[in-house]
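The values are calculated or read from the model by the stated rules, or taken from the named source; none is laboratory data. None of these values were measured; they are calculated from a predicted model. Cβ: placed from backbone, ideal geometry, glycine included. Neighbour counts: every protein chain shown. With ligands, DNA and RNA removed, areas are computed over all heavy atoms of the protein, side chains included. Shrake-Rupley method; radii C 1.70, N 1.55, O 1.52, S 1.80 Å.
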Amino acid sequence: MNQISIWFGQLLKLFYDMSNNYALSIILFTIVTKFILLPLTFSQMRSMNAMKTIQPKVDEINKKYKGNPQKQSEKLSQLYKENGVNPAAGCLPLLIQFPILIAMYRVVREPIKYVFLNETAYNLVDKGFFWIKSLEVPDVIAIQGINLPYILPVLSALFTYVQMQMSMSRSSSSSNATAEGMNKTMTYMMPLMMLVWGVNLPAGLILYWATGTLVQILQQYLIGKYEYHMNFRDDDKSNKRDSQASIKKKNNR
């Protein structure tokens with residue numbers, strides 16, 4: 001993990017040298033990492049679409065072999081194999097993001113060690129970001145002596161909620177009430193967690209998360225538009241083939 005933090009620190013320093021702005025370097029770093037992970041995002045969304053398509057069959061197998069877990073697992077594996085679906089693929093981007101988040105946390109907490117390499121260079125850096133005086137400290141507002149999330153944590157929570165909602169709309173619509181309840185709970189829990197983290201974590205890390213989530217929202221929206229366009233073209237071609245086949249059949253008569 002330390003080596004990953006060193007790499008991230010070097011990349012962050014590169015963006016800082018280009019922009020001469022610490023906050024902007026974090027934003028640029030986030031955008032680049034999100035585009036590097038774009039193939040995984042494609043894979044995740046394809047997997048979610050595939051799972052949604054076969055979900056009625058999954059529910060049927062679960063119901064039919066409820067009392068026989070071994071047979072149930074065997075039938076589900078066969079179904080996934082026949083349809084080229086990997087149920088774990090949807091979780092892969094999320095699993096990869098956590099090490100990145102931890103490594104980035106270390107970089108933001110110790111920029112002298114990972115980014116600027118000496119205290120003198122770091123002290124010359126402007127660590128502010130619009131209303132935030134320093135990205136080293138949480139973006140909070142004190143009301144009657146209590147620190148509450150301010151603008152960046154609220155934006156981060158809002159973006160997280162939107163992204164979770166978009167993912168929910170793509171996820172499989174299972175008849176399993178427990179699974180559906182868990183998905184809905186996570187849709188609200190994750191934004192609340194971002195608010196809590198926003199009070200305790202450096203604003204630089206929350207800036208990273210907010211930017212990354214916003215980029216992911218745009219990616220999912222554009223990928224969804226692309227898929228809709230391609231599906232429309234496929235449906236149009238299919239309708240034309242059916243129409244031509246029908247005309248040919250009539251002419252043969």
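Data for the structure
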{"item": "Paramagnetic reach from Val137 (point 7 Å along Cα→Cβ, amide N under 14 Å) across the stretch 182-225", "result": "199-204"}
{"item": "Probe 1.4 Å, accessible area per residue of the stretch 1-120, Å²", "result": "59"}
{"item": "Listed residue pairs exceeding 32 Å between alpha carbons, taken from Lys113/Lys184; Lys34/Lys184; Lys66/Lys225", "result": "Lys113/Lys184; Lys66/Lys225"}
{"item": "Accessible area of Thr120 in the full protein assembly, 1.4 Å probe (Å², nearest 10)", "result": "100"}
{"item": "Extension gain, Met186 back to Asp17 (0.36 nm per residue minus Cα-Cα distance, nm)", "result": "57.0 nm"}
{"item": "Förster-model FRET efficiency, 41 Å R0, Glu60 and Thr120, C-beta, rounded to 0.05", "result": "0.05"}
{"item": "Sequence ranges 185-192, 30-37, ranked by mean other-Cβ count within 10 angstrom, highest first", "result": "30-37, 185-192"}
{"item": "Contour minus Cα-Cα distance for Asn200 and Met168 (0.36 nm per residue)", "result": "8.7 nm"}
